């Protein structure tokens with residue numbers, strides 16, 4: 001398994017950040033120009049079992065389905081990959097740090113298929129990392145400006 005980790009510090013309490021990470025991919029703060037789109041396939045509230053289609057918004061880019069498999073209120077939201085380019089899990093976790101909250105995005109994964117591994121290493125990894133940096137910065141800015 002590989003691991004992909006990104007984090008950011010936000011001047012807020014975890015209880016103020018958690019509702020936004022629960023809405024990961026479909027919230028107001030999600031970057032308008034993000035090349036990652038989440039389409040909820042399960043109606044109703046977000047809970048264990050809620051499914052999303054994730055699409056990379058580029059020609060011939062991959063898409064896959066994920067399912068929410070962890071919700072720890074105030075602390076963590078996780079999803080498992082059901083098909084497509086990845087096997088494994090991803091989650092967003094909150095860690096209190098003296099008046100701040102550290103938001104961590106962690107993906108433990110394997111890339112499925114030789115072609116996908118090549119594309120991930122040549123192109124998609126950098127795209128993924130840049131997107132995550134923008135996503136976390138937008139989350140921080142939204143929460144800080146909301147105060």
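Things worth noting here:
- The alpha carbon gyration tensor of segment 4-44 gives principal lengths a ≥ b ≥ c with a/c of 1.5 or higher and a/b no greater than b/c, which makes the shape oblate.
- Axis of helix 125-146 versus longest Cα principal axis of the chain: the two differ by about 20°, to the nearest ten degrees.
- Measuring nothing but how far apart in sequence close Cα pairs (under 8 Å, 6+ apart) lie, relative to its length, segment 7-147 scores a relative contact order of 26 percent.
- Modelled this way, with points 7 Å down the Cα-to-C-beta line, the labels at residue 16 and residue 82 are 3.6 nm from one another.
- P(r) tail fraction, the chain - alpha-carbon pairs more than 21 Å apart, %: 42
Read-outs: derived from the displayed coordinates by stated rules, not from any lab. Every value quoted in this text rests on a predicted model; they were computed, and no experiment measured them. Cβ atoms come from the backbone with ideal geometry, glycine included; neighbour counts cover every protein chain shown.
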